[in-house]
2 protein chains.
Amino acid sequence: MLKLQRLFTKDNNFWSQLDSLLAWDTLSDDTVTQTVRDILQNVRRHGDAALLDYTRQFDRRNVQNPEELIIPKQRLQQALRDLDNTQRQALEQAAERIRNYHQHQKQKSWQYTEADGTILGQQITPLSRVGLYVPGGKAAYPSSLLMNAIPAKVAEVDEIIMVVPAPDNVLNDIVLAAAAIAGVEKIFSIGGAQAIAALAYGTATVPKVDKIVGPGNIYVATAKSMVFGMVGIDMIAGPSEILVICDGQTNPDWIAMDLFSQAEHDEEARAILVSPDATFLDTVQDSMNRLIDKMPRAEIIRTSLTNRGALIQAKDLNEAIEVANFIAPEHLELSIENPQAWNSKIRHAGAIFMGRYTAEALGDYCAGPNHVLPTSRTARFSSPLGVYDFQKRSSLIMCSEEGAHTLGQTASILAYGEGLSAHAQSAEYRTT
Amino acid sequence: MLKLQRLFTKDNNFWSQLDSLLAWDTLSDDTVTQTVRDILQNVRRHGDAALLDYTRQFDRRNVQNPEELIIPKQRLQQALRDLDNTQRQALEQAAERIRNYHQHQKQKSWQYTEADGTILGQQITPLSRVGLYVPGGKAAYPSSLLMNAIPAKVAEVDEIIMVVPAPDNVLNDIVLAAAAIAGVEKIFSIGGAQAIAALAYGTATVPKVDKIVGPGNIYVATAKSMVFGMVGIDMIAGPSEILVICDGQTNPDWIAMDLFSQAEHDEEARAILVSPDATFLDTVQDSMNRLIDKMPRAEIIRTSLTNRGALIQAKDLNEAIEVANFIAPEHLELSIENPQAWNSKIRHAGAIFMGRYTAEALGDYCAGPNHVLPTSRTARFSSPLGVYDFQKRSSLIMCSEEGAHTLGQTASILAYGEGLSAHAQSAEYRTT
């Protein structure tokens with residue numbers, strides 16, 4: 001028996017109930033912090049030697065020479081050739097669709113010339129070198145590799161340096177095949193905080209990068225947040241979430257399975273359904289009870305839905321949208337009639353899946369948009385991973401003689417107002 | 001006598017010398033960290049009461065009621081009316097130019113429809129509420145207020161909540177006037193870590209925001225980095241820097257003053273000149289010695305140039321550009337003939353000032369581009385503050401029945417490959 005908590009927007013304390021449900025404080029663990037700090041410092045000081053040490057210790061590998069940490073490109077091509085044909089086709093189709101979608105995100109330099117000949121603009125350039133962290137073991141997802149690497153390729157990043165641990169010398173061949181499809185330039189079989197340190201500081205063997213992206217465990221996430229500033233990083237992801245808004249007209253089994261697909265990620269995942277139709281909420285609850293036992297990951301689903309899931313009864317769809325904007329969910333399904341009339345009311349969401357046919361799972365793999373999305377209500381201020389995360393901008397200013405004269409007078413007044421005389425004089429020199 | 005360190009690219013150890021010169025480790029101070037942690041926790045728990053406490057203590061103000069922390073809008077309008085006319089015109093011209101430039105950065109939602117009717121796109125929305133920190137006292141710069149607030153206005157952020165401390169009940173009237181020009185919605189006279197806490201958690205009086213921007217001292221910066229994740233923040237800025245590349249044909253006094261204008265910010269500021277012309281480096285050194293004594297901030301300039309400045313002799317302009325890309329400077333002046341033939345070789349820079357007439361100081365105030373720029377080599381992976389920092393994106397996916405069928409098959413193969421059956425089945429339900 002699987003029973004989700006039921007909330008009612010009409011209750012006086014609904015919004016505070018919802019707020020408590022969503023509470024998610026990432027606790028910083030002092031032991032982890034200290035361990036990671038030591039690892040970073042050791043790799044920074046001792047480079048490859050420290051990398052080898054940690055790899056022997058944490059990955060139980062008998063490595064003696066830094067060259068043993070390099071995974072040659074032929075190994076990737078071999079993995080791709082050995083891949084079962086159905087899997088290969090699926091991966092290649094997904095890669096192709098992801099590439100096509102992300103092409104639309106590519107930004108171009110622009111400039112304009114003013115009447116006096118002054119030119120203003122913005123020059124947009126790709127990052128030079130990006131580090132891509134790929135987890136080893138059971139959480140090694142080829143889809144995640146494609147989602148992280150392809151936007152960087154579309155941005156025309158010069159070089160993607162991938163790191164993936166090989167605990168007990170085991171590597172996941174589908175992940176290597178995905179790396180071949182994505183066109184990753186260099187791979188090293190290292191993981192954990194030591195891999196993040198190598199990417200941030202560089203060693204004799206591992207090149208220093210400008211930004212590090214990709215998911216990882218608490219050690220990896222802590223290391224990323226510590227090297228931030230020296231290199232760029234992507235968002236530190238919280239547990240995955242879905243909010244489904246349904247008008248009650250979608251097949252309840254479909255909705256139940258959509259909630260399961262989110263809940264099966266891990267015990268901390270969150271799945272919430274909002275509907276104005278009380279009977280429909282009951283029906284979906286019934287569907288879940290009927291379907292749960294057939295799920296290979298039933299225990300995980302049960303735990304996350306019981307502890308962190310909810311069925312919310314709203315007055316109408318407008319109120320359901322209000323709930324969505326409050327939650328700012330990572331994934332939002334609008335399983336309603338004519339969703340295009342509603343999506344412009346959504347202020348905060350990582351990705352919006354519109355219409356009854358758009359299962360969230362399609363977005364995880366092959367629809368095209370990125371599956372790296374803002375979690376834990378951060379969609380209020382951040383965006384899906386995209387090509388823009390691998391491009392950066394430089395302002396361009398080129399004053400004509402006349403422009404320097406006019407602007408110099410204004411700048412000089414403001415600079416003196418702020419007590420900065422050298423600023424003022426540097427501008428005035430060009431006003432004569 | 002002012003003497004800058006001289007480096008030569010032809011020296012064998014030039015790049016490591018340059019690397020050492022640039023080294024800048026922000027030391028985390030444990031006392032500051034603990035103090036800020038306590039302040040955040042107190043404001044989170046006790047709201048307005050804690051705000052009043054800290055404001056009495058740190059700003060020496062006898063405040064008893066949270067309403068005393070509100071600066072009414074009439075006060076801003078009054079400051080604007082009282083402003084000297086020349087200053088007001090200069091501020092309004094600057095605001096107008098900043099607004100015009102930033103309009104070019106505004107991003108629009110897009111979507112496309114595939115052959116089978118599936119729609120993909122990205123919906124772009126403004127942030128709802130932004131907090132703007134403005135320092136009190138001597139570092140209160142009206143230009144900085146314009147640079148932070150105007151991009152948010154152009155992005156159509158619903159509400160800008162500004163905080164500015166009023167130590168001993170003193171407020172800077174030019175800053176208030178600038179707030180009126182920028183169109184800030186609400187202002188509170190609070191500062192320090194307590195103001196950041198109020199913006200991040202909200203109190204009965206101060207609304208909770210989605211992102212906090214604006215410069216501040218070490219307490220403010222530490223508080224911002226601690227609330228990051230709960231709210232968005234802008235980059236934590238390091239000391240300001242300029243790299244001037246000159247072919248030796250610009251008036252050496254102009255270049256000397258450009259270096260001074262950077263160096264006068266504070267003792268940690270950095271100003272470097274690169275030229276292939278050794279005689280020109282000497283001439284600029286002479287100009288500096290002749291001009292330094294007339295500078296009101298001569299002592300600051302002397303300290304920063306002596307400790308952190310440099311004159312670099314390069315073989316040619318190509319090598320000078322290589323130096324620029326290594327440094328990834330916040331400000332880069334290309335004081336050379338035909339700069340447009342060279343700027344595309346610049347890979348990393350916050351802002352590029354092209355041609356002999358474009359003093360960096362124009363960019364600080366009124367050229368139009370933002371003066372909030374990536375420092376400490378972070379231009380390798382980050383961008384000037386812009387409208388894009390106040391917009392965010394939601395992916396849009398709407399599958400047709402046919403699209404759900406095709407994509408569902410691919411998704412299902414990949415989901416089973418990753419051991420996620422509920423994902424697979426959620427997709428398969430829509431393939432029939």
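So that you can scan it fast, the table gives a plain yes or no per residue for (1) at the interface with chain B (Cβ under 7 Å from one of its Cβ atoms); (2) not in a helix (DSSP H, G or I):
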{"position": "A:Leu334", "(1), (2)": "no, yes"}
{"position": "A:Ala349", "(1), (2)": "yes, yes"}
{"position": "A:His371", "(1), (2)": "no, yes"}
{"position": "A:Ser376", "(1), (2)": "no, yes"}
{"position": "A:Arg393", "(1), (2)": "yes, yes"}
{"position": "A:Thr406", "(1), (2)": "no, no"}
{"position": "A:Thr410", "(1), (2)": "yes, no"}
{"position": "A:Leu414", "(1), (2)": "yes, no"}
With criteria (1) under 27 Å from A:Leu91 (Cβ atoms); (2) touching a residue at least 40 places away in the same chain (Cβ under 8 Å); (3) within 8 Å of chain B (Cβ to nearest Cβ); (4) crowded, with 24+ Cβ neighbours inside 10 Å, A:Cys399 comes up short on (1)
All conditions in (1) within 21 Å of B:Gln391 (Cβ to Cβ); (2) under 21 Å from the mean Cα position of the chain (by Cα); (3) part of a helix (DSSP H, G or I) are true of A:Ala361 except (1)
If we keep only residues of the stretch B:246-259 that are buried (at least 24 other Cβ atoms within 10 Å of the Cβ) and in contact with a Ser or Thr (Cβ under 7 Å, 6 or more places away or on another chain), then the residue farthest from A:Glu418 (Cα to Cα) is B:Cys246
Going through (1) free of Cβ contacts under 8 Å to residues at least 24 places away in the same chain; (2) closer than 17 Å to A:Val163 by Cα one by one, A:Arg81 fails only at (2)
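Would you call B:Ala237 without any contact (Cβ under 8 Å) to a residue 40 or more places away in the chain and more than 17 Å from B:Leu69 (Cβ to Cβ)?
Taking the combined requirement at face value, the residue does not satisfy it.
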Checklist entry - Is it true that some residue in the stretch B:332-351 is under 22 Å from the mean Cα position of the chain (by Cα) and charged (D, E, K, R)? => result yes
Screening A:Asn217, A:Asn289 for residues that are more than 29 Å from A:Glu319 (Cβ to Cβ), more than 9 Å from chain B (Cβ to nearest Cβ), surrounded by fewer than 21 Cβ atoms within 10 Å (Cβ to Cβ) and polar (S, T, N, Q) leaves only A:Asn217
The number of residues in the stretch A:156-171 that are in contact with a Gly (Cβ under 7 Å, 6 or more places away or on another chain) and not in a helix (DSSP H, G or I) is 5
Taking the stretch A:115-125 and the residues there that are more than 9 Å from chain B (Cβ to nearest Cβ) and touching a helix residue (DSSP H, G or I) at 6+ places or on another chain (Cβ under 8 Å), the one that is farthest from A:Met230 (Cα to Cα) would be A:Asp116
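Residue-by-condition table, conditions (1) buried (at least 19 other Cβ atoms within 10 Å of the Cβ); (2) small (Gly, Ala, Ser); (3) over 19 Å from the mean Cα position of the chain (by Cα); (4) facing another protein chain (nearest Cβ under 9 Å):
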| residue | (1), (2), (3), (4) |
| --- | --- |
| A:Arg97 | yes, no, no, yes |
| A:Pro135 | yes, no, no, no |
| A:Ser143 | yes, yes, no, yes |
| A:Val154 | yes, no, no, no |
| A:Val163 | yes, no, no, no |
| A:Ala166 | yes, yes, yes, no |
The condition from (1) away from chain B (no Cβ under 14 Å); (2) more than 29 Å from B:Glu418 (Cα to Cα); (3) under 25 Å from the mean Cα position of the chain (by Cα) that A:Asn325 misses is numbered (1)
(request) Could you tell me whether any residue of the stretch A:352-359 is surrounded by fewer than 24 Cβ atoms within 10 Å (Cβ to Cβ), facing another protein chain (nearest Cβ under 7 Å) and of a type in the set (D, E, K, R)? (result) no
Scanning the stretch A:402-426 residue by residue, those hydroxyl-bearing (Ser, Thr, Tyr) and in contact (Cβ under 8 Å) with a residue 12 or more places away in the chain turn out to be A:Thr406, A:Ser412
Heads up, the helices (runs of 4 or more DSSP H) in the stretch A:62-155 (entirely inside) with at least 3 residues that are in the same structural domain as A:Ser189 (by TED's automatic domain parsing) and in contact with a strand residue (DSSP E or B) (Cβ under 7 Å, 6 or more places away or on another chain) are A:142-154
Given (1) at negative phi; (2) modelled with pLDDT under 95, B:Gly137 misses just (1)
Only unsatisfied item for B:Val227, checking (1) closer than 29 Å to A:Arg430 by Cα; (2) touching a helix residue (DSSP H, G or I) at 6+ places or on another chain (Cβ under 7 Å); (3) surrounded by fewer than 24 Cβ atoms within 10 Å (Cβ to Cβ), is (1)
- Message: Any residue at all in the stretch A:85-100 that's of a type in the set (Gly, Ala, Ser) and either out of contact with any Leu (no Cβ under 9 Å at 6 or more places or on another chain) or free of Cβ contacts under 8 Å to residues at least 40 places away in the same chain (or both)?
- Response: no
With respect to A:Leu311, determine if the residue is of a type in the set (A, V, I, L, M, F, W, C), outside any helix (DSSP H, G or I), closer than 30 Å to A:Ala149 by Cβ and touching a residue at least 60 places away in the same chain (Cβ under 8 Å). no
Within the stretch B:416-432, restricting to residues that are part of a helix (DSSP H, G or I), within 7 Å of chain A (Cβ to nearest Cβ) and among the aliphatic types (A, V, I, L, M), the one that is surrounded by the most Cβ atoms within 10 Å (Cβ to Cβ) is B:Ala427
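The values are calculated or read from the model by the stated rules, or taken from the named source; none is laboratory data. Model, not experiment: these values are computed from the prediction. Virtual Cβ from ideal backbone geometry, glycine too; neighbours counted across all protein chains shown.
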